[in-house]
Amino acid sequence: MKIHEYQAKQVFARYGVPIPAGEVAATPDEARAVAERLGRSVVVKAQVHAGGRGKAGGIQRARTPDEAHAAASQILGMKIKGLVVEKVLVEEAAEIAAEYYLGITLDRAAQRNVVMVSAAGGIDIEEVAATTPEKIARALIYPELGLTDFQIRDLCYTADFERVVIGEAGRFLRALAHVYQEMDCSLAEINPLVVTRAGTLIAADAKINIDDNAPFRHPELAEWKEESEEDPLEAEAHRRGLAYVHLGGDIGVIGNGAGLVMATLDEVKDAGGSPANFLDIGGGATADVVLNALEMVLLDPNVKGVLVNIFGGITRCDEVARGIREGLARLNVRVPIVVRLTGTNEAEGRAVLAETGLRTAETMQDAAAEIVELVARP
């Protein structure tokens, strides 16, 4: 779950992190009114769940309320990476002397959370990592210890922070670690952490992603969830109660069990294809669930073929086959479908599919190879 910059700043403020004064506006008139209340130069910032806002023209400085009105007029309604800007954050413009980066995320290879700091703040940290990785200092957080004072000092010195900044930067890092842990984050970052010309530190930008499995632990965040900011196919799948992830390829994948579906994605890739999605119908799926899943996959206009891979345990192959047959009868299916059924009631399931004329395969590898071949045909 992603939240907007202004929302992330509200969270950080609760943990004692200094943030610029500002308010959210949904119209140019509101933006002007906020600028008037602040009484100084402001920055008008698009609030969308996408990076690259500055490069897209979604962040503009305004010296007067009228300029804030004009900036908001340009930003509101614009699209940034396909997302429409519906509101802007109008906040005090900082007089910047230096910019730093602070972030915490999950290092899956190390199976630990990792802290990253850099004196090259204010730009895409991914670009810094790719071109000048030596500018990023990293430290793993061990659960039994948390982020230690020693690690904070070592990070700041390794990243070549100015000595006068290190003490205050440590306070920001401690707060960042508390936010990350207590809010069940998958990412928490301040970029840039600004040192003003007056020598004070302030979180000029903030980003927080909440683990998708954790929102039930934070009911206060429910009102912040915005379906319009999600992938529209994933939003539709959520409404249907399906475990679906949009991947952007052209071969729809349906399976039962997360491990089996992920293995199926790998087989499609190995066969030279590009999976369009991950869709797990779970254990014990009924014909109605299968029909729902097939319809969901076919909503993606890029799908040119569908692979159904079922290992029958508590899921009955004949029940899955009936769902597929019903889908063919009710849906306007214009793409090839390959089905692999094995396990409980496999023979009965194959008998049902024989009535439809669908292609079946003995193994997952054969099924993947066949659907990739069919999709590749002109």
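FYI, it's all coordinate maths here, none of it is from the lab. Computed from a predicted structure; not experimentally measured. No Cβ is skipped: glycine too gets one built from the backbone with ideal geometry, and neighbour counts run over all protein chains shown.
Results, tabulated for the structure shown:
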item: Residue-wise HN-Hα coupling along the range 19-31, computed from phi with Karplus coefficients 6.51, -1.76, 1.60 (Hz; x: Gly, Pro); result: 10, x, 5, x, 9, 8, 10, 10, 9, x, 5, 5, 4
item: For the chain, with +1 on Lys and Arg beta carbons and -1 on Asp and Glu, the positive-most of Ala376, Ala35, Leu299 along the dipole; result: Ala35
item: Signed unit charges on C-beta, dipole axis of the range 96-224, positive-most listed residue Asn213, Ala98, Ala110; result: Ala98
item: For Thr360, distant residues with modelled amide H under 5 Å away; result: Val339
item: Peptides 295-306, 102-113 ordered by average Cβ neighbours within 10 Å, highest first; result: 295-306, 102-113
item: In order through the range 366-378: 3J(HN,Hα) via Karplus (6.51 cos²θ - 1.76 cosθ + 1.60), integer Hz, x for Gly, Pro; result: 5, 5, 5, 4, 5, 5, 5, 5, 5, 5, 6, 5, x
item: For peptides 341-347, 359-365, sequence by mean Cβ density within 10 Å, most packed first; result: 341-347, 359-365
item: Packing-based ranking, highest mean first, of 50-57, 252-259 given that Cβ atoms within 10 Å are counted; result: 252-259, 50-57
item: Förster-model FRET efficiency, 51 Å R0, Thr363 and Arg163, C-beta, rounded to 0.05; result: 0.20
item: Between 0 and 90°, nearest 10: helix 317-330 axis offset from the chain longest Cα axis; result: 80
item: Chain lengthening between Glu144 and Ala214 when straightened (0.36 nm per residue, less Cα-Cα); result: 23.1 nm
item: Structure-derived semi-axes √(5λ) of the Cα gyration tensor in Å - corresponding label in (i) 74, 26, 18; (ii) 36, 21, 18; (iii) 48, 25, 17; result: (iii)
item: Estimated dipole of the range 96-224 in Debye, rounded to 20 [Cβ of Lys and Arg +1, of Asp and Glu -1, Cα centre]; result: 360
item: The range 212-299 shape via C-alpha gyration tensor axes, a/c threshold 1.5; result: prolate
item: Separation between Cα centres of the range 105-121 and the range 280-344, rounded to whole Å; result: 40
item: Three-way shape call for the range 96-224 based on the alpha-carbon gyration tensor, with the a/c threshold at 1.5; result: prolate
item: Three-way shape call for the range 230-376 based on the alpha-carbon gyration tensor, with the a/c threshold at 1.5; result: rounded
item: FRET efficiency, Asn302 to Gln111 (Cβ-Cβ, R0 35 Å, nearest 0.05); result: 0.50
item: Acute angle (nearest 10 degrees) that the helix 65-75 long axis makes with the longest principal axis of the chain, alpha-carbon atoms; result: 20
item: DSSP beta bridge pairing in the chain, given as percent antiparallel to the nearest 5; result: 75
item: In degrees, nearest ten, helix 163-182 long axis to first principal axis of the chain (Cα); result: 40
item: Computed magnitude of the charge dipole of the chain (debye, nearest 20; Cβ of K, R +1, Cβ of D, E -1); result: 500
item: Amide H within-cut-off set for Ala120, under 5 Å, with H built and near neighbours excluded; result: Tyr101
item: Segment Asp29-Glu326, length gained on full extension (0.36 nm per residue, minus Cα span); result: 101.6 nm
item: Positive-pole candidate from Ile152, Val164, Val308, dipole of the chain, charges at beta carbon; result: Val164
